[in-house]
Amino acid sequence: RKSARRPKADVDPIRTSSTAPEGWAVQVASSPSAAEAEGFLAKTTKRAPKAVASASPFTVPFVKDGTTYYRARFGGFGSKTAAWDACAALKKKKIPCYAVQQ
């Protein structure tokens, strides 16, 4: 007889939403691949290190139409203004993004 408990989900190596920094975050991508989402975080850090220097990279899984996607975010911004300023700096580097409150 099989257990009624569900198997544990794989945990991404960056961070999961349960350990996401509080406050404001900047989302730079969303992907059905955890590895690709993590790649967006690494690429963003490399292309715009100053814009995300004080932020923590993490991914947030979510399900849409039965498919799991992963949001690639930088979190830990203490205010809406700080997140918006970081996003503006990313946009200058041609990195699409938007700020969200955690």
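Which members of the stretch 44-79 meet the condition of being touching a Gly at 6+ places or on another chain (Cβ under 8 Å) and aliphatic (A, V, I, L, M)?
If the condition is that a residue be touching a Gly at 6+ places or on another chain (Cβ under 8 Å) and aliphatic (A, V, I, L, M), then Ala55 is the only one that fits.
When you go through Ala35, Ala83, Ala72, Ala88 one by one, which is the residue that is in a strand (DSSP E or B) and among the small types (Gly, Ala, Ser)?
Ala72
Would you confirm whether any residue within the stretch 87-101 is at pLDDT below 95 and either under 12 Å from the mean Cα position of the chain (by Cα) or of a type in the set (S, T, N, Q) (or both)? Reasoning before the result, please.
Of the residues in the stretch 87-101, the ones at pLDDT below 95 are 101.
From what's left, either under 12 Å from the mean Cα position of the chain (by Cα) or of a type in the set (S, T, N, Q) (or both): 101.
Checked the stretch 87-101: at least one residue is at pLDDT below 95 and either under 12 Å from the mean Cα position of the chain (by Cα) or of a type in the set (S, T, N, Q) (or both).
Counting only residues that are in contact (Cβ under 8 Å) with a residue 24 or more places away in the chain and open to solvent by 90 Å² or more (accessible area, probe 1.4 Å), how many does the stretch 77-91 have? Spell out how you get there, then give the answer.
Narrowing the stretch 77-91 to residues in contact (Cβ under 8 Å) with a residue 24 or more places away in the chain: 77-80, 82-83, 86-87, 89-90.
Checking which are open to solvent by 90 Å² or more (accessible area, probe 1.4 Å) leaves us with 80.
Adding up the residues that qualify gives 1.
Within the stretch 51-76, can you find the residues that are β-branched (Val, Ile, Thr) and either touching a residue at least 24 places away in the same chain (Cβ under 8 Å) or surrounded by 21 or more Cβ atoms within 10 Å (Cβ to Cβ) (or both)?
If the condition is that a residue be β-branched (Val, Ile, Thr) and either touching a residue at least 24 places away in the same chain (Cβ under 8 Å) or surrounded by 21 or more Cβ atoms within 10 Å (Cβ to Cβ) (or both), then Val52, Thr59, Val60, Thr67, Thr68 are the ones that fit.
What about Arg47, is it open to solvent by 80 Å² or more (accessible area, probe 1.4 Å) and either at pLDDT below 95 or touching a Cys at 6+ places or on another chain (Cβ under 6 Å) (or both)? Reasoning before the result, please.
On the way: open to solvent by 80 Å² or more (accessible area, probe 1.4 Å): yes; either at pLDDT below 95 or touching a Cys at 6+ places or on another chain (Cβ under 6 Å) (or both): no.
No: the conditions fail for Arg47.
Any idea how many residues of the stretch 92-102 are surrounded by fewer than 19 Cβ atoms within 10 Å (Cβ to Cβ) and outside any strand (DSSP E or B)?
5
Taking the condition of being among the aliphatic types (A, V, I, L, M) and more than 13 Å from the chain's Cα centre (by Cα), how many residues in the stretch 19-70 meet it? Can you show your working first?
Of all residues in the stretch 19-70, those among the aliphatic types (A, V, I, L, M) come to 20, 25-26, 28-29, 34-35, 37, 41-42, 48, 51-53, 55, 60, 63.
Now narrow it down to the ones that are more than 13 Å from the chain's Cα centre (by Cα): 48, 51, 53, 63.
Looking only at that region, the number is 4.
The values are calculated or read from the model by the stated rules, or taken from the named source; none is laboratory data. None of the values given here were measured: they were computed from a predicted structure. Note: ideal-geometry Cβ built from the backbone for every residue, glycine included; neighbour counts use all protein chains shown. Note: accessible area is taken over every heavy atom of the protein model, side chains too, but ligands, DNA and RNA are not part of it. Shrake-Rupley method; radii C 1.70, N 1.55, O 1.52, S 1.80 Å.
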